[in-house]
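What follows is a short report on a single structure.
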Amino acid sequence: MTVKKIIINLNTAPDAKGLTALNELNSFFNDRDFNVDLNDNRLTVNLRAIDLKKFSLIKKTVQEYCGKENAQMLNQIEDSINAIKSYGIKNGKRIYVDYNKERKVKNRVVKEGRRGKYYYAQQHKYIDKNSKIPDKFNDQIICGDSLNELQKLPDNCIDLVFTSPPYNFGLEYEGSDDDHNWDAYFKKLFLILDECIRVLKYGGRLIINVQPLFSDYIPSHHLISQHCIKRNLIWKGEILWEKNNYNCKYTAWGSWKSPSSPYLKYTWEFIEIFCKGKLKKTGEKDNIDISADEFKEWVVAKWSIAPERRMKKYDHPAMFPETLAERVLKLFSYK
Ligand SMILES: C[S@@+](CC[C@H](N)C(=O)[O-])C[C@H]1O[C@@H](n2cnc3c(N)ncnc32)[C@H](O)[C@@H]1O
């Protein structure tokens, strides 16, 4: 049976308590999935699959009576498992062996070449030369019409644009209408998005939080994506912002429990991510401000975040929570 082997060289061989601790640890797991072997002061962890939450609980229990040195040995085992970055997940367990066997594609690179990855963006005319944002715009909150304000910025000077445009739901925004004819709405929105694209650096990201108006049957997220693709941006992906809230409208005029026109319910919004020129964004390692745990959680593209509840306090009808912006900035840009 194939297992992943992790070798840990201990400073000293474990004492009697340490051996008991290892035996205890082994006894909690299916031998086929996880076991630890000891040879003098060399530990071999044979790993196939493990529930790390369970491991952590058992480790804490065993540590209570096994002494400081042995407790450290158990931490070392846990750290060495945590250090493995590639695994599958099944029924709450991390799978370290053969987790992608069923999906292995032979000659993957050749096939990718034949298909033509992001073929729609290959002919872009973006120039790989970035400029510095003028100092007067640095760290500023600028209030105004985005179209006018963006026009004041030079080309290729912004690392990341994160926007949540008005959704045209008819909300009462201060200083702007939110009930345009859809054609006019998209015309203006696309002009603003074009400005966003112009000011983005080569390798910069345009990230758009959007909610379609389902009751008008307008797929705003698709239309916006279509526009960005027409502009030869690379679609990096989509995040579902799960807000876990829904209203209890079950029918649309006489369609209760009928296929005539069931009203679909959405408890999430969409976040579309586009790149200008290239997928990879280069930057200094020291300027990465995301933690390992945040990274692991946030690359799973469904973010469960409660909607902002302080709209009355701030007198704004459609705020998004700050956490959303924090995640976007940390995951897709450098400090
Ligand atoms: C859906 S809300 C998004 C939530 C918002 N990002 C927040 O958390 O505060 C859209 C916002 O865009 C603003 N807005 C509408 N048209 C605009 C324009 N042409 N330029 C700049 N902001 C605009 C609205 O006043 C509203 O505050």
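Worth a mention:
- Number of residues in the stretch 5-17 that are open to solvent by 80 Å² or more (accessible area, probe 1.4 Å) and either of a type in the set (A, V, I, L, M, F, W, C) or out of contact with any Asp or Glu (no Cβ under 8 Å at 6 or more places or on another chain) (or both) equals 4.
- For Leu171, the criteria (1) modelled with pLDDT under 95; (2) away from the ligand (no atom under 11 Å from the Cβ); (3) among the aliphatic types (A, V, I, L, M) hold in every case but one, which is (2).
- Residue match in the stretch 193-206 (condition: in contact with a Ser or Thr (Cβ under 6 Å, 6 or more places away or on another chain) and closer than 29 Å to Leu279 by Cα): no
- Yes/no for Lys188 being charged (D, E, K, R) and touching a Leu at 6+ places or on another chain (Cβ under 9 Å): yes
- Residues located in the stretch 77-132, provided they are among the aliphatic types (A, V, I, L, M), more than 30 Å from Gly277 (Cα to Cα) and open to solvent by less than 50 Å² (accessible area, probe 1.4 Å): Ile77, Ile81, Ile84, Ile95, Val97
- Cross-chain or 6+ apart pairs with Cβ under 7 Å, the stretch 18-35 first and in the same structural domain as Thr61 (by TED's automatic domain parsing) and open to solvent by 40 Å² or more (accessible area, probe 1.4 Å), then assigned to a loop (DSSP other than H, G, I, E, B) and at pLDDT 90 or above: Arg32/Arg48
- Options Glu242, Glu272, Glu238, Glu294: the member that is touching a Ser or Thr at 6+ places or on another chain (Cβ under 6 Å), away from the ligand (no atom under 16 Å from the Cβ) and under 27 Å from Gly88 (Cα atoms): Glu242
- Whenever a residue of the stretch 156-175 is at positive phi, its partners that are more than 9 Å from the ligand (Cβ to nearest atom) and part of a loop (DSSP other than H, G, I, E, B), lying with C-beta atoms within less than 6 angstrom and at least six residues away or across chains, give the pairs Asn156/Asn130; Asn156/Ser131; Asn168/His180; Gly170/Asp179.
Residue-by-condition table, conditions (1) within 16 Å of the ligand (Cβ to nearest atom); (2) touching a Leu at 6+ places or on another chain (Cβ under 9 Å); (3) at pLDDT 95 or above; (4) not acidic (Asp, Glu):
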site	(1), (2), (3), (4)
Asn107	no, no, no, yes
Val110	no, no, no, yes
Asp128	no, no, yes, no
Lys132	no, no, yes, yes
Asp139	no, no, no, no
Glu149	yes, no, yes, no
Pro154	no, no, yes, yes
Cys157	no, yes, yes, yes
Phe162	yes, yes, yes, yes
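- Boolean, His124 is touching a residue at least 12 places away in the same chain (Cβ under 8 Å), out of contact with any helix residue (DSSP H, G or I) (no Cβ under 7 Å at 6 or more places or on another chain) and within 12 Å of the ligand (Cβ to nearest atom): no
The values are calculated or read from the model by the stated rules, or taken from the named source; none is laboratory data. These numbers were taken from a predicted model, which means no experiment stands behind them. With ideal geometry, Cβ positions are generated from the backbone for all residues, glycine too; neighbour counts draw on all protein chains shown. Only protein heavy atoms, including side chains, enter the accessible area calculation; ligands, DNA and RNA are left aside. Shrake-Rupley method; radii C 1.70, N 1.55, O 1.52, S 1.80 Å.
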